[in-house]
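Read the structure below first, then the notes.
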Amino acid sequence: MKRYVRSRGKSLGLIELIAIALGGMVGGGIFTILGISASLIGYLTPIAIALGGIVAGFAAYSYVKLGLYYKDEGATYAFFKRTYPDSSFSAAAIGWFTIFGYISTLALYAYTFASYAISSTSFADDMWMRKIVAWSVIALFTGINLISVKGMGRVEDLMVYTKLFILTLISVVLIQHGQTEFPVFLKNMAADANNSGLLRLLIVASITFVAYEGFQLVINAVNEMKYPEKNIPRAIYTAIFLALLIYLIISIAALMAIPLENLVRDKEYALAAGAENILGRLGAQLVILGAVLATSSAISGTVFGSSRQMAEIAEDGYFPAWLAQRTKSHIPNKAILAMSVTASLLILIGGLQLILEFGSITFLLVSFLMATANFKIREKTHSSAPITVLALTALGFSGLLILYYEFKHKPEQMFFIILLYFLLTLGAWAFAKYKDRNKAVN
């Protein structure tokens with residue numbers, strides 16, 4: 001989930017960097033994963049969320065090492081391209097996968113926005129109304145990004161700070177109205193551990209990975225920060241821990257306050273439905289406001305940052321050249337439209353869980369490739385070989401677990417996912433070959 005970082009001079013300290021990373025991660029993630037996780041593993045949801053955070057920590061290790069070594073604002077795409085400078089295909093592949101990851105998160109947060117926005121209306125379970133609202137909110141922030149960068153920045157600031165306040169308030173309210181005693185909660189967790197098993201727990205932990213995507217935004221500000229050698233690792237690891245803590249508190253509070261069957265029944269807007277049953281309409285409106293602000297912030301930042309990275313990749317020749325076009329105000333209007341239209345198509349194709357799995361698999365894959373690049377130059381980045389190998393294992397295994405779950409329960413979706421990644425790889429290969437031929441001619 002790409003966000004923007006406004007220039008403030010080379011004065012970003014540790015607190016500001018933690019806020020950037022935390023704002024990047026805490027979008028609509030908890031609203032997205034809570035109901036789906038509860039429907040799959042019940043009271044084990046907090047454990048799955050914690051395991052997802054640990055995998056994110058392993059993923060962050062290579063980003064930190066590569067970020068300190070290259071000190072390049074381009075982050076993911078730039079790191080891989082510079083690690084494999086003689087391979088056009090490597091640069092093209094990481095570019096295509098990264099952009100598709102942002103497209104999937106854009107679709108994910110738009111769908112979550114829609115689920116919560118209409119959750120208190122008679123259209124709450126209307127799939128097509130949900131899709132229409134999702135398309136509308138993408139169109140809204142596409143328009144804002146096309147018209148004014150300054151206006152988008154002001155909107156983003158307001159949403160980021162407000163969403164963190166509301167998420168804190170939701171947690172406090174849920175904890176105060178908990179209907180399940182903590183010993184009973186632990187007993188329920190033990191029962192679900194016997195029923196669900198370790199494999200299902202690990203699968204759900206893998207699916208939650210997308211909720212931690214965004215920590216690498218700190219690296220985008222490398223030229224504007226104080227003491228990057230110290231502050232990049234401190235900011236990223238601290239932000240991941242704080243995001244994990246926020247997700248844990250909300251998930252435990254929700255499971256203690258809202259009956260599990262309600263979370264499962266209304267999984268696509270679980271917090272809002274549960275809050276209304278406990279706190280009345282005011283409680284539901286508070287949760288809906290938090291979800292709408294959190295997902296709006298995520299949508300706005302994703303459209304902004306990812307469209308600029310798409311334009312950069314197009315300038316390098318790995319996307320169609322027209323995607324690199326910019327207005328007189330340097331707004332990559334064609335890339336913004338391409339991102340939004342493709343995300344809208346993804347919403348048309350699938351529901352919330354499929355889009356969630358798309359996002360998690362894609363960012364697990366991209367993080368796996370980052371760990372691969374870090375392992376290749378581990379002596380230059382001063383990385384620990386055992387830790388990097390452990391990260392590769394955790395990330396690769398997590399991605400395979402999601403595909404295994406799809407194979408067991410929805411094999412047609414698994415084949416669709418594999419086909420999609422084959423097409424992405426084919427597209428990257430075609431543009432890499434085209435660029436290599438142009439090099440040879442020139």
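No lab work stands behind these numbers, since they all come straight from the coordinates. In this text, all values refer to a predicted model and were calculated from it rather than measured experimentally. Cβ placement follows ideal geometry from the backbone for every residue including glycine, while neighbour counts extend to all protein chains displayed.
Quick look at the values:
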read-out	value
Calculated FRET value between ARG281 and SER136, using beta carbons and R₀ = 25 Å, to 0.05	0.55
Descending semi-axes in whole angstrom, ellipsoid equivalent of the range 376-442, from the Cα gyration tensor	30, 27, 4
Relative contact order %, the range 14-436, counting alpha carbon pairs below 8 Å whose residues are six or more apart	35
Global form of the range 202-275, assessed from the alpha-carbon gyration tensor, a/c cut-off 1.5	prolate
Under 5 Å, built H, 5+ apart or other chain: amide partners of MET225	LEU12
Pairwise FRET efficiency - SER87 versus ALA50, Cβ, R0 = 30 Å, nearest 0.05	0.20
Listed residues LEU248, LEU271, LEU420, most fluctuating in the chain (Gaussian network, C-alpha, under 10 Å)	LEU420
Computed E for SER329/ASN195 - FRET, C-beta separation, R0 51 angstrom, nearest 0.05	0.35
Rounded D (µm²/s) - the range 311-438, Kirkwood Rh over Cα pairs, Stokes-Einstein at 10 °C, 1.306 mPa s	92
Between the range 205-257 and the range 25-46, the Cα center-to-center distance that results, in Å	16
Fraction of alpha-carbon pairs over 26 Å apart in the range 233-363 - percent	43
Computed lengthening from ILE349 to LEU337, 0.36 nm per intervening residue step minus Cα-Cα distance	2.5 nm
Listed residue (LEU198, ALA124, LEU167) projecting farthest to the positive dipole end of the chain, Cβ model	LEU167
Amide H partners (placed H, <5 Å) of SER119, local residues excluded	none
In Hz, Karplus ³J(HN,Hα) per residue of the range 50-61 (6.51, -1.76, 1.60; θ = phi - 60°; x = Gly, Pro)	5, 5, x, x, 5, 4, 4, x, 5, 4, 5, 4
For the chain, the spread of Cα positions along each principal axis, largest first, Å	70, 49, 48
Solution diffusion estimate, µm²/s, Stokes-Einstein, the range 270-344, Kirkwood Rh from C-alpha pairs, 20 °C, viscosity 1.002 mPa s	149
Residues SER104, SER120 arranged by fewest to most Cβ contacts within 10 Å	SER120, SER104
16 Å reach of a label modelled at LYS376, 7 Å along Cα-to-Cβ, counting backbone N of the range 85-104	85-98
Label zone at VAL184, where the point sits 7 Å out along the Cα-to-Cβ direction: the range 41-68 residues whose backbone N lies under 19 Å	42-46
